[in-house]
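Undergrad: Next up is a structure, given as structure tokens.
The values are calculated or read from the model by the stated rules, or taken from the named source; none is laboratory data. The structure presented is a predicted model; accordingly, all values stated were derived computationally and were not measured. FYI the Cβ positions are ideal-geometry reconstructions off the backbone, even for glycines, and counts take in every protein chain you see. All accessible areas refer to the heavy atoms of the entire protein, side chains included, with ligands and DNA or RNA removed. Shrake-Rupley method; radii C 1.70, N 1.55, O 1.52, S 1.80 Å.
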Amino acid sequence: HIIVLGLLWYVGLIPDFATMRDRARSSRRQRIYGILALGWRNSVRHWSYHQTAYRLVAVLVLPLLTMMQSIVALEFATTLVPDWHETRLPLHFVATGLAQGLAIVLLVAALLRWGLSLEQHIDDRDLDLLGKLVLASALVAGYLMLDEVAAAYLSEPSEWTATRNRITGEYAGYFLAALVFSVVVPQLLWFRAARVSVLAAAYVGVSVSLGVWFDRFSIVIGGAQRDYLPSMWRSYAPTLVET
């Protein structure tokens, strides 16, 4: 994943390296930036190659995201902890991880547009499209949370007890916060005025990110509170450093 993310970062910087090459005052810097710029001359053909390469590397990130989230979720699902022992966890982790990623992109786009006056480059259509993607991902996350309850209800009594304790017991606040921040708040994006609003986009982006954090805390900490033996039941509260 380091190689793929490094390529994504580097390909996007090629035009910037060319600009730094052209503005460098020393021959040494010109050579260094020239090597990094790969002969970039700002031509139409170079821009066409750049966009094709950037899309190709961006496509490689999608299976990377799926594999990383699925592997972590499968590690949970193969344990004997009742609330984690579910085959639906990989899908849940991938969908909520994608929702958080889209929300971060929406947040960054809104802040860049507002802070650097990039209305000509990040226009209303861009924010509108990102808002629709975040809304769709939030609806999927909401469906999976509902499926989580239904699957646990139809599972063994120990799994249903553990899941019910997580959503109604001591850690119920985290599950409720995850539901509100990552599913309910994004429903504002049904309205186009909210989708093209920088303030609303930033608010929803932060909200979804917080919601997914609460969701992970609810699963990891709340899910491990109830085991098969009552002697193994325990509670945990993170310190400020751990948070």
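Undergrad: Ignoring ligands, DNA and RNA, please state the percent of accessible area on region 28-87 from carbon and sulfur, probe 1.4 Å.
TA: 67 percent
Undergrad: What is the sum of charges around Phe17, taking Lys and Arg as +1, Asp and Glu as -1, for the other residues whose C-beta is under 13 Å from the C-beta of Phe17?
TA: Residues close to Phe17 contribute a combined charge of +3.
Undergrad: If you don't mind, there's one more thing I want to ask. I'd like the Karplus ³J(HN,Hα) series for region 44-52: coefficients 6.51, -1.76, 1.60, θ = phi - 60°, whole numbers in Hz, and an x wherever there's a Gly or Pro.
TA: Working through the residues one at a time gives 4, 5, 5, 5, 5, 4, 5, 5, 5 Hz.
Undergrad: Moving on to the next point. Would you mind counting up the charge near Leu74? Only other residues with Cβ under 12 Å from its Cβ, with Lys and Arg at +1 and Asp and Glu at -1.
TA: Here the count lands on -1.
Undergrad: Another question, then. What accessible surface, in Å², does a 1.4 Å probe find on Leu36, ignoring ligands, DNA and RNA and rounding to the nearest 10?
TA: 60 Å²
Undergrad: According to a simple spin-label model (label point 7 Å from Cα along Cα-to-Cβ), what is the distance in nm between Ala237 and Asp124?
TA: Once both label points are built, they end up 4.9 nm from each other.
Undergrad: Another question, then. For region 68-204, what is the relative contact order in percent, using Cα pairs closer than 8 Å and at least 6 residues apart in sequence?
TA: Relative contact order here is 29 percent.
Undergrad: On a 1.4 Å probe surface of the protein chains, which of Thr163, Thr52 comes out largest in accessible area, and what is the full order?
TA: Descending accessible area places them as Thr52, Thr163.
Undergrad: Normalising by the residue count of the chain, find the relative contact order in percent from Cα pairs under 8 Å and 6+ residues apart.
TA: For the chain, the relative contact order is 19 percent.
Undergrad: How many nm is it between the label spots at Tyr143 and Arg25, if each spot is 7 Å from the Cα in line with the beta carbon?
TA: Calculated label separation equals 5.9 nm.
Undergrad: Taking all protein chains together and a probe of 1.4 Å, list Arg41, Arg23 from the most accessible to the least accessible.
TA: Sorted descending by solvent-accessible area, the residues read Arg23, Arg41.
Undergrad: Calculate how steeply helix 124-153 sits against the longest principal axis of the alpha-carbon atoms of the chain, using the helix alpha-carbon long axis, and give the answer as 0 to 90 degrees to the nearest 10.
TA: Tilt of helix 124-153: around 20 degrees.
Undergrad: If you don't mind, another one. Between Tyr10 and Leu62, what is the spin-label point distance in nm, taking each point 7 Å from the Cα along the Cα→C-beta axis?
TA: If labels sit at Tyr10 and Leu62, their model points lie 2.4 nm apart.
Undergrad: Working out 0.36 nm times the residue gap between Val44 and Thr161, then minus their Cα-Cα distance, what length gain in nm do you get to one decimal?
TA: Difference between extended and current length: 35.9 nm.
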